[in-house]
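Here is the structure we will look at.
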There are 2 protein chains.
Amino acid sequence: MLKKTNPSFLNGVPELLVLKLLSRREMYGYEIVRAIQVETREAFSFGEGCIYPYLHYLESEKMVASRRKEVEGRSRNYYQITPRGGKRLDELSAEWNRVAGGIALLLGGQHA
Amino acid sequence: MLKKTNPSFLNGVPELLVLKLLSRREMYGYEIVRAIQVETREAFSFGEGCIYPYLHYLESEKMVASRRKEVEGRSRNYYQITPRGGKRLDELSAEWNRVAGGIALLLGGQHA
DNA sequence: AGCTGATACCTTATGCTGTGAGGTAGTGTC
DNA sequence: GACACTACCTCACAGCATAAGGTATCAGCT
């Protein structure tokens with residue numbers, strides 16, 4: 001589903017951010033959507049229509065696991081990252097560094 | 001054609017790189033395709049089917065101008081950046097910094 | 001002379017990905 | 001009992017890059 005000649009990273013950012021957030025603590029979908037906005041200081045604002053399908057995909061790939069939990073009179077699907085998801089996170093992080101590095105090579109050069 | 005709620009930057013990378021390259025010197029299409037591979041150390045490798053349409057689009061928007069030139073027995077379309085293209089480059093650079101910064105905020109945090 | 005491969009340009013069909021708009025349902029407040 | 005927020009979900013649509021195709025010229029080889 002991934003694997004291209006070019007880093008599939010110009011699209012796959014949501015996957016990276018979701019896995020990273022889950023690597024820190026168990027979270028539920030709605031919370032993730034908000035967290036991405038807040039923690040990137042509005043640099044990103046992926047819609048629910050993007051994040052939910054990603055969570056389902058990640059779960060089907062055993063990158064994350066979910067469990068139903070009742071909190072504050074609310075029923076929520078909490079997601080945890082799996083070891084496989086952790087490996088995936090490492091891969092995506094490395095690829096992001098490659099991408100950001102590549103652009104820095106061209107943009108950087110002679111100023112801040 | 002651009003303008004979204006989210007930075008349209010996860011796709012618009014080619015536009016940024018093309019403008020940046022042209023801001024340094026006059027270049028032709030084929031050369032740009034190669035330069036992106038080489039100067040990003042293979043981090044990116046956009047195909048001709050991506051770059052040529054971009055050049056045409058940029059020209060139609062007066063971001064770049066072109067002229068036919070005979071060099072080494074070859075006929076080439078050389079492109080130069082215009083003042084408008086320069087402004088666009090500044091905008092895209094700023095947006096890239098926002099994006100890269102946003103991801104760094106999440107990824108960075110508490111380790112290297 | 002004929003072939004191959006590189007240069008140089010171009011276009012099209014296809015596919016992935018996120019958006020935007022929708023829809024359900026429960027909770028809390030005024 | 002109306003409204004807003006939480007929490008989940010889906011689908012039609014569109015942007016963007018890819019892969020694969022096409023044309024033509026030039027250099028080198030045999």
- Item | Exposure of residue A:56 as accessible area (Å², to 10), given a probe of 1.4 Å and all protein chains | 100 Å²
- Message: At 37 °C and a viscosity of 0.692 mPa s, what translational diffusion coefficient does Stokes-Einstein give for segment A:13-105, taking Rh as the Kirkwood radius over Cα pairs? Give it in µm²/s as a whole number.
- Response: 238 µm²/s
- Message: Under 5 Å between amide hydrogens, which residues at least 5 positions from residue A:82 or on another chain qualify, with H placed 1.01 Å from N in the peptide plane?
- Response: A:64, A:65
- Query: How large is the dipole of the protein assembly as shown about the Cα centre if only Lys and Arg carry +1 and Asp and Glu carry -1, each at its Cβ, rounded to the nearest 20 debye?
  - Reply: 0 debye
- Charges only on Cβ, +1 for Lys and Arg, -1 for Asp and Glu: so what's the dipole of segment B:13-105 about the Cα centre, in debye to the nearest 20? 260 debye
- With θ set to phi - 60° and the Karplus curve 6.51 cos²θ - 1.76 cosθ + 1.60, what are the ³J(HN,Hα) couplings of segment B:28-43 in order, to the nearest whole Hz, using x for Gly and Pro? 10, x, 4, 5, 5, 4, 5, 4, 5, 4, 5, 6, 9, 6, 6, 5
- Seen from all sides and averaged, what is the projected area of the convex hull of the Cα atoms in the protein assembly as shown, in nm²? 14.3 nm²
- Leaving out same-chain residues fewer than 8 places away, which aspartates and glutamates sit with a Cα under 12 Å from that of residue B:20? B:39, B:90, B:91
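Give the ranking of B:74, B:84, A:76, B:24 by solvent-accessible surface, highest area first, calculated with a 1.4 Å probe.
Largest to smallest exposure gives the sequence B:74, B:84, B:24, A:76.
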- Query: Given a cut-off of under 8 Å on Cα pairs at least six residues apart, what relative contact order in percent is computed for chain B?
  - Reply: 28 percent
- Please turn the phi angles of segment B:80-88 into ³J(HN,Hα) values with the Karplus equation 6.51 cos²θ - 1.76 cosθ + 1.60 (θ = phi - 60°), one per residue in order, whole Hz, x for glycine and proline. 10, 7, 9, x, 4, x, x, 4, 4
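The values are calculated or read from the model by the stated rules, or taken from the named source; none is laboratory data. Computed from a prediction, not measured in an experiment: that's the story for all the values here. In this analysis, Cβ positions are derived from the backbone assuming ideal geometry, glycine residues included, and neighbour counts consider all displayed protein chains. Side chains included, ligands, DNA and RNA excluded: accessible areas come from the protein's heavy atoms. Shrake-Rupley method; radii C 1.70, N 1.55, O 1.52, S 1.80 Å.
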